[in-house]
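Shown next, in structure tokens, is the structure this report addresses.
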Amino acid sequence: MGKKKPRVVVTRKLPDIVETRMCELFDTRLNVDDKPMSAAEIAEAMKTADVLVPTVTDRIDAALIAQAGEQMKLIANFGNGVDNIDVASALKRGITVTNTPGVLTEDTADMTMALILAVARRIVEGARTIPAGEWTGWSPTWMLGARITGKRLGIIGMGRIGQALARRAKAFGLSIHYHNRRRLPAAVEESLEATWWDSVDQMLARMDIVSVNCPHTPATYHLLSARRLKCLRPNAIVVNTARGEIIDENALTRMLEAGELAGAGLDVFEHEPAVSTKLMRLAKSGKVTLLPHMGSATHEGRIDMGEKVIINVKTFMDGHRPPDRVLPSML
Ligand code: 8YV
């Protein structure tokens, strides 16, 4: 007699090819209409499921984990960041947590570079003028932005995505600076021609562009605090494709309104999907470019993420250690 298939609950609509394979391998409950599940619905699902596949839009906190049934053994996050999951509580309760690292690195780095270019060269602002019927012809002094080449880029968080951004930025003629908990090996620093800064404050004071590329953990919450943001020069641009919580969004907004910063490109927000009216006003004025958390949004990336989820669930259910296990010590 065949082994009973594990019951897997997927909280959001995933690419068809991923869902089809999941249904072949597991007793899968899909969310075909993609309506985010409420906390109560997730709690209910966790009472009977063996595996939960959540995304960044689900908050799997200690209270939810406490209600999980005995059979719940794995939370296989569809996403790299696991700040939506209380990993320590899960582990204490005997639930393994996995994520999907590596497969969204290049896409997210592309989007970060795109935001840098969009803000510095006023791409969104310029593109809006044509359909609005506002373009009356070329002018020598209209729509001038800031040159990228020769500027200094400070990357906060030099992991996979930070390094992929550095490779791109180097090709655009930016000089690369970074702050990271651990300094990179000399050979990596050399290949990226990257300068390490032990002090974030000192790095910020000298950068033209700052990009946030670290995970959101208790240690990085408001890493760019009101005080730190004040270290930036008024011509500086801030870009964030990591997590909104890493920047004090109110302080950033105040500085943009006051002209104490040149601009910002944000793909993530402190209270997603809510975006403050002040930020929206700044976006209308062209000072900031706002994107709806789409850094990893490519067909290929989302299929690769699904593939990783499947491998993690299958490996775990076959009694092996899943390749992308997340431990609290890694955060
Ligand atoms: C994902 C992300 O789309 O993986 C991450 O950490 O921020 C996003 O690019 C999202 O997390 C999916 O759950």
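The values are calculated or read from the model by the stated rules, or taken from the named source; none is laboratory data. Since this is a predicted model, take the numbers as computed values, not measurements. Note that each Cβ is placed from the backbone with ideal geometry, even for glycine, and that neighbours are counted across all protein chains shown. To get the accessible areas, we keep the full protein, side chains included, count just its heavy atoms, and leave off ligands, DNA and RNA. Shrake-Rupley method; radii C 1.70, N 1.55, O 1.52, S 1.80 Å.
Observations
- For segment 107-226, the dipole from Cβ point charges (+1 on Lys and Arg, -1 on Asp and Glu) about the Cα centre works out to 80 debye, to the nearest 20.
- Accessible-area ranking of TYR178, TYR221, largest first, probe 1.4 Å: TYR221, TYR178
- Rg/Rh (Cα only; Kirkwood hydrodynamic radius) as it applies to segment 91-200: 1.14
- A Förster radius of 22 Å combined with the Cβ-Cβ distance from LYS230 to SER199 puts the calculated FRET efficiency at roughly 0.90.
- Two-site label geometry, THR55 and THR141: point separation in nm, points 7 Å out along Cα→Cβ: 4.8 nm
- For segment 209-219, putting each phi into the Karplus relation 6.51 cos²θ - 1.76 cosθ + 1.60 with θ = phi - 60° gives couplings of 9, 10, 10, 8, 9, 9, x, 8, 9, x, 6 Hz, in residue order, rounded to whole numbers and with x for Gly and Pro.
- Note on segment 174-213: semi-axes of the ellipsoid equivalent to its C-alpha gyration tensor, largest first and rounded to whole Å, are 17, 12, 8.
- Using the Cα coordinates of segment 105-290, the gyration tensor eigenvalues translate into equivalent-ellipsoid semi-axes of 27, 20, 15 Å, sorted from longest to shortest.
- Ordered by 1.4 Å accessible area with all protein chains kept, ARG29, ARG243 run largest first as ARG29, ARG243.
- The chain: angle of helix 16-25 to the longest principal axis, Cα-based, in degrees nearest 10: 20 degrees
- Shape category assigned to segment 1-156 from the gyration tensor of Cα positions, a/c cut at 1.5: prolate
- Average Cα contact separation per residue, the chain, under 8 Å, 6 or more apart, as relative contact order %: 17 percent
- Integer Hz, Karplus 6.51/-1.76/1.60 couplings in order for segment 197-205, x for Gly and Pro: 10, 6, 9, 4, 4, 5, 5, 3, 5
- Extension gain, ALA187-SER285: 0.36 nm per intervening residue step, less the Cα-Cα distance, totals 31.0 nm.
- Amide H to amide H, with H built 1.01 Å from N, THR98 comes under 5 Å of ILE75, ALA76, ASN77, VAL326, counting only residues 5 or more places away or on other chains.
- Figure legend: label point modelled 7 angstrom from the Cα of ALA40 along Cα→Cβ; residues of segment 63-78 with amide N under 20 Å from it are 63-69.
- When ILE65, ILE161 are compared by accessible area of protein heavy atoms, the largest-first order is ILE161, ILE65, using a 1.4 Å probe.
- Accessible surface for ASP198 stands near 110 Å², nearest 10, in the context of the full protein assembly shown (1.4 Å probe).
- For the residue pairs LYS35/LYS230; LYS73/LYS170; LYS92/LYS308, the alpha carbons lie more than 32 Å apart in LYS35/LYS230; LYS73/LYS170.
- Think of the chain as a dipole: +1 on every Lys or Arg Cβ, -1 on every Asp or Glu Cβ, centred on the Cα centre; then among ILE65, GLN202, MET330, GLN202 lies furthest on the positive end.
- Histogrammed with a bin width of 20 Å, the alpha carbon distances of the chain distribute as 30, 52, 17, 1 percent, first bin at zero.
- 12 Å beta-carbon shell around SER225, net charge (K/R +1, D/E -1): -1
- Antiparallel content of DSSP bridges confined to segment 105-290, in %, to 5: 5 percent
- Each part gets one Cα centre, and for segment 253-327 versus segment 220-243 those centres are 17 Å apart.
- Portion, in percent, of the accessible area of the chain that falls on carbon or sulfur, probe 1.4 Å: 55 percent
- Per residue of the chain, the DSSP helices (runs of n ≥ 4 H) give a summed -39500 (n - 2.57) that works out to -10500 deg cm²/dmol at 222 nm.
- Taking all protein chains together and rolling a 1.4 Å probe, GLU300 ends up with roughly 120 Å² accessible.
- Accessible area of ASP107 in the full protein assembly, 1.4 Å probe (Å², nearest 10): 40 Å²
- Per residue, the chain exposes 49 Å² of accessible surface when a 1.4 Å probe is rolled over the protein heavy atoms with every protein chain present.
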